[in-house]
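Inspection log for the structure reproduced underneath, given as structure tokens.
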Amino acid sequence: MTATLLLAHGDDAFAIAQAVAQLAASLGDADRIDLAPERSPDEGILDRAGVEAASVGLFGAHLVVLHQPLRAAGRSLSGEEKLLGMARTLPDGAALAFAEERPSRDIGKPPALLRRLEEAVRERGGSVVEHRAPRRAELAGWTRRHAASLGVAIDARAASLLSERVGGAIWETDVERGEQTRVIDSELRKLATYGGERPIGMAGVELLTADTRPASVFAITNAIDRREPAAAATALQRALDEGQPVLRILASIQGRISDLIVARDLVDRGVPPNELTRLIGRGNARIAERVVEAARRYRSIELERMLRGLFVADLAIKRNDVEPEAAVSAWLGEQLLAGRS
């Protein structure tokens, strides 16, 4: 019996999450424990990860996933030694994955600790994979390949337009690209549902896919998750004041509401909690659980009405029927503020 060890790192959050999910699947969908540091350094989370990973003989097979291990170690020498020691001494039969998401702007400058962790993982017989998000002129090809892997047909021009709308044509090196592939995955699934058996074409992308350049805004969607209308209104106004593109804000909200609809449907169908997190599949169990928790705060009919309202607002903006700021503010007022119980 040997230990199972993986280090997945890079700036492509979606690919890193898939690598960890594939490892979990190869273990027969064993129980999974996701841990992440709350501060840097966070030696407490390193200690817990080490104990959880080493407890295979006591509590049965499970996969321990430590997110952002470099942040957990921080600049502490003892933290670094704990992290490296965890990889070097992983017991036989144990399964441990390190998931290190890094900023796109720093992807070409790997820190020394990352290289030392790579060496430690390889010395223990583990696997190291680096996932860099597609850069300019690469994202359209990635979109076509990923669509094929999903069994979705898409026109080459539509793939180019979709990749452009999530920032694939932006050349600046300081652009964060970590969520671009995840957004495209979500958009492809939405477009495939809308189009049925028809291949995705330019018209579908133009109609249903908003421009999400540059990065997403989380304060609004987090407030929606918590069902806090006042906080959502404050976050929206702040984003507008800072010049965040309205279509990008709408795209972020659309993605979140779509996730909540899926989660609410699973909850209503009585899917067991341990299956919910697997089926939601939003990066890791902690995020999936948060989506499910948020979905429970809404009724299905409310979420569907909110999504329809977003599509109406999106179309009104693209037809120049209403000012973008007024459209998104009106949606918030009609769908969330007016819906307070």
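A few remarks follow.
- The calculated 222 nm mean residue ellipticity attributable to helices in the chain amounts to -17500 deg cm²/dmol, summing -39500 (n - 2.57) over DSSP H runs of n ≥ 4 and dividing by all residues.
- Karplus-derived 3J(HN,Hα), 6.51/-1.76/1.60, for each residue of the stretch 39-47, Hz, glycine and proline x: 8, 9, x, 9, 5, x, 6, 5, 4
- Here the Kirkwood formula, the inverse mean of 1/r across different C-alpha pairs, assigns the chain a hydrodynamic radius of 21.5 Å.
- The calculated FRET efficiency for Leu240 paired with Arg124, based on their beta-carbon distance and R0 = 35 Å, is about 0.10.
- Taking all Cα pairs closer than 8 Å and separated by 6 or more residues, the relative contact order of the stretch 68-192 comes to 25 percent.
- Ligands, DNA and RNA excluded, the heavy atoms of Lys109 present near 130 Å² of accessible surface to a 1.4 Å solvent probe.
- Whole-Hz couplings from phi, Karplus 6.51/-1.76/1.60, listed for the stretch 200-208; x for Gly and Pro: 6, x, 4, 4, x, 5, 5, 6, 10
- GNM result for the chain, Cα springs below 10 Å: residue of Ala25, Ala36, Ala231 fluctuating most strongly: Ala25
- Other-chain or far-sequence residues with amide H under 5 Å of Val128's (modelled H): Leu7
- For Val65, the amide hydrogen comes within under 5 Å of the amide hydrogens of Ile33, Asp34, Leu35, Ala97, counting only partners 5 or more places away or on other chains and with H modelled in the peptide plane.
- Protein accessible area in the stretch 58-143, 1.4 Å probe - carbon and sulfur %: 49 percent
- Each Lys and Arg Cβ is given +1 and each Asp and Glu Cβ -1; about its Cα centre, the stretch 1-145 then shows a dipole of about 600 debye.
- Summing Cβ point charges (Lys, Arg +1; Asp, Glu -1) relative to the Cα centre of the chain gives a dipole of roughly 300 debye.
- Per residue, the accessible area of the chain comes to 48 Å², computed with a 1.4 Å probe over protein heavy atoms only.
The values are calculated or read from the model by the stated rules, or taken from the named source; none is laboratory data. Every value quoted in this text rests on a predicted model; they were computed, and no experiment measured them. Because the Cβ atoms are built from the backbone with ideal geometry, glycine has one as well, and the counts that use them run over all protein chains shown. For the accessible areas, the whole protein counts, side chains as well, though only heavy atoms, and no ligand, DNA or RNA atoms are used. Shrake-Rupley method; radii C 1.70, N 1.55, O 1.52, S 1.80 Å.
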